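Have a look at the structure below before the remarks.
The values are calculated or read from the model by the stated rules, or taken from the named source; none is laboratory data. This is a predicted model, so every value here is computed, not measured. For neighbour counting, all protein chains shown are included, and Cβ atoms are generated from backbone atoms with ideal geometry for every residue, glycine included.
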Amino acid sequence: MQTNKTVAKRADLLCFSLSACQLPKIIIIGVRKGGTRALIEMLSLHSAVAAAENEVHFFDWESHFQKGLPWYLSQMPYAFPDQLTVEKTPAYFTSSKVPKRIHQMNPDIKLLLILRDPTERVLSDYTQVFYNRLQKHKRYQPIESVLVKDGEINLGYKALNRSLYYMHMQNWLRYFPMESIHVVDGDELIRDPFPEMKKVERFLQLEPQIKASNFYFNKTKGFYCLRDHGRERCLHDSKGRAHPHVAPAILQKLYQFFHEPNKRFFELVGRTFNWN
């Protein structure tokens, strides 16, 4: 039988009374196409977590930020006093004004940053835009034409900037110590989610609850889905789409382009990742 706490947590409702809401104690700050939706869905398996259903875009969209903290609070889910509220907005990581704004709200907040191999993230970024334009019957550019210009990597392509992690991380570390930021390995979360989620639990100082049995591999979709209180759920079909074929020579250019920025990021966070 589900407890009242579980039922309320699963309701995924915005608060009708602000007294039933809490400002987030945890924010998933990015990165776009890094696995933020998977991360918040997996984190919501924990009974001590109340997860906002939608991306709030409070700290990066001026139209939302000008409404103030009462509006932000109203976007949070119903939460019990002993629960931690979490929201995720992937654009926060690459927005220069966001770290200061979050710090002003709560300098002790816990931040989760999920990253993938920068080249894979660029390809996922392109794939999302490609399908969005396809569905709207809009023209799209072949991937080679956006990645390369005059035989060199196209530095004007915005998706490349989003994968220069060290640039954005420098800005966050101006306001938050590394102890307040946990970097989730998005590639490992795809391959084997359970160990990565145990690390997240430890970082957030949550009582261990998430189990290996909460995850099962869906052969049809090609990625892990969730099992929670006998209920099974998978991410939307827009997740896990196949990337377009990219010529090996262009991939090599991307790997070379990201080699030095990756080294700088590893030095910043004191940790290496199996990228390129």
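Within the set of pairs 6 or more residues apart or between chains, which connect a residue that is crowded, with 20+ Cβ neighbours inside 10 Å inside the stretch 152-180 to a residue that is polar (S, T, N, Q) with Cβ atoms less than 8 Å apart?
Matching pairs, first to second residue: Leu160/Asn154; Arg162/Thr94; Ser163/Thr119; Tyr165/Asn262; His168/Thr94.
Restricting attention to the stretch 26-50, report how many residues are under 13 Å from the mean Cα position of the chain (by Cα) and not in a helix (DSSP H, G or I). Steps first, please.
To start, the set of residues in the stretch 26-50 that are under 13 Å from the mean Cα position of the chain (by Cα) comprises 26-43.
Next, only the ones that are not in a helix (DSSP H, G or I) stay: 26-35.
The qualifying residues number 10.
Which of the residues spanning the stretch 112-127 are under 15 Å from the mean Cα position of the chain (by Cα) and more than 14 Å from Asp187 (Cα to Cα)? Can you show your working first?
So the first thing to find is which residues in the stretch 112-127 are under 15 Å from the mean Cα position of the chain (by Cα), and the list is 112-118, 120-122, 124-125.
If the condition is that a residue be under 15 Å from the mean Cα position of the chain (by Cα) and more than 14 Å from Asp187 (Cα to Cα), then Leu112, Asp125 are the ones that fit.
If a residue has to be crowded, with 20+ Cβ neighbours inside 10 Å and among the hydrophobic types (A, V, I, L, M, F, W, C) to count, how many in the stretch 184-195 make the cut?
2
Pick from Pro142, Pro177: which is out of contact with any His (no Cβ under 6 Å at 6 or more places or on another chain) and either closer than 20 Å to Gly270 by Cβ or at pLDDT 95 or above (or both)?
Working: Pro142 fails: either closer than 20 Å to Gly270 by Cβ or at pLDDT 95 or above (or both).
From the options Pro142, Pro177, the qualifying one is Pro177.
Does Ile143 satisfy the condition of being more than 20 Å from the chain's Cα centre (by Cα) and surrounded by 14 or more Cβ atoms within 10 Å (Cβ to Cβ)?
Numbers: more than 20 Å from the chain's Cα centre (by Cα): yes; surrounded by 14 or more Cβ atoms within 10 Å (Cβ to Cβ): yes.
Taking the combined requirement at face value, the residue satisfies it.
Rundown of residues vs (1) closer than 22 Å to Val31 by Cβ; (2) in contact (Cβ under 8 Å) with a residue 12 or more places away in the chain; (3) out of contact with any Pro (no Cβ under 9 Å at 6 or more places or on another chain); (4) surrounded by 14 or more Cβ atoms within 10 Å (Cβ to Cβ), yes/no style:
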site: Phe203; (1), (2), (3), (4): yes, yes, yes, yes
site: Glu207; (1), (2), (3), (4): no, yes, yes, no
site: Lys211; (1), (2), (3), (4): no, yes, yes, no
site: Asn214; (1), (2), (3), (4): no, yes, no, yes
site: Tyr224; (1), (2), (3), (4): yes, yes, no, yes
site: Leu235; (1), (2), (3), (4): yes, yes, yes, yes
site: Pro244; (1), (2), (3), (4): yes, yes, no, no
site: Ala249; (1), (2), (3), (4): no, no, yes, no
site: Asn262; (1), (2), (3), (4): yes, yes, no, yes
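Which pairs turn up if I take residues in the stretch 265-276 that are part of a helix (DSSP H, G or I) and look for partners that are among the polar types (S, T, N, Q) with beta carbon separation below 9 Å, at least 6 apart in sequence or on another chain?
If the second residue must be among the polar types (S, T, N, Q), the pairs left are Phe266/Thr272; Leu268/Gln170.
For the stretch 122-134, check the following and say yes or no: at least one residue is more than 17 Å from Val246 (Cα to Cα), surrounded by 12 or more Cβ atoms within 10 Å (Cβ to Cβ), among the polar types (S, T, N, Q) and modelled with pLDDT under 95.
The first filter runs over the stretch 122-134 and keeps only residues more than 17 Å from Val246 (Cα to Cα), leaving 132-134.
Retained after the next criterion (residues that are surrounded by 12 or more Cβ atoms within 10 Å (Cβ to Cβ)): 132-133.
The next check asks that each one be among the polar types (S, T, N, Q); those that pass are 132.
Filter once more, so that each one left must be modelled with pLDDT under 95: 132.
For the stretch 122-134, residues more than 17 Å from Val246 (Cα to Cα), surrounded by 12 or more Cβ atoms within 10 Å (Cβ to Cβ), among the polar types (S, T, N, Q) and modelled with pLDDT under 95: present.
Anything in the stretch 32-48 that is surrounded by 22 or more Cβ atoms within 10 Å (Cβ to Cβ) and farther than 16 Å from Phe194 by Cβ? List them, or say none.
Correct list: Lys33, Gly34, Thr36.
I need a count of the residues in the stretch 53-88 that are in a loop (DSSP other than H, G, I, E, B), in contact with a helix residue (DSSP H, G or I) (Cβ under 8 Å, 6 or more places away or on another chain), closer than 27 Å to Arg121 by Cα and not charged (D, E, K, R). Give the steps one after another, and end with the answer.
Filtering the stretch 53-88 down to residues in a loop (DSSP other than H, G, I, E, B) leaves 53-61, 66-68, 75-76, 78-83.
Subsequent filtering for residues that are in contact with a helix residue (DSSP H, G or I) (Cβ under 8 Å, 6 or more places away or on another chain) retains 55-60, 78-80, 83.
If we keep only those that are closer than 27 Å to Arg121 by Cα as well, we get 55-60.
From what's left, not charged (D, E, K, R): 56-59.
Total satisfying the criteria: 4.
I need the full set of residues from the stretch 186-203 which are farther than 18 Å from Leu235 by Cα and outside any helix (DSSP H, G or I), in order please.
At the first step, the residues of the stretch 186-203 found to be farther than 18 Å from Leu235 by Cα are 195, 198-203.
None - no residue of the stretch 186-203 is farther than 18 Å from Leu235 by Cα and outside any helix (DSSP H, G or I), so the list stays empty.
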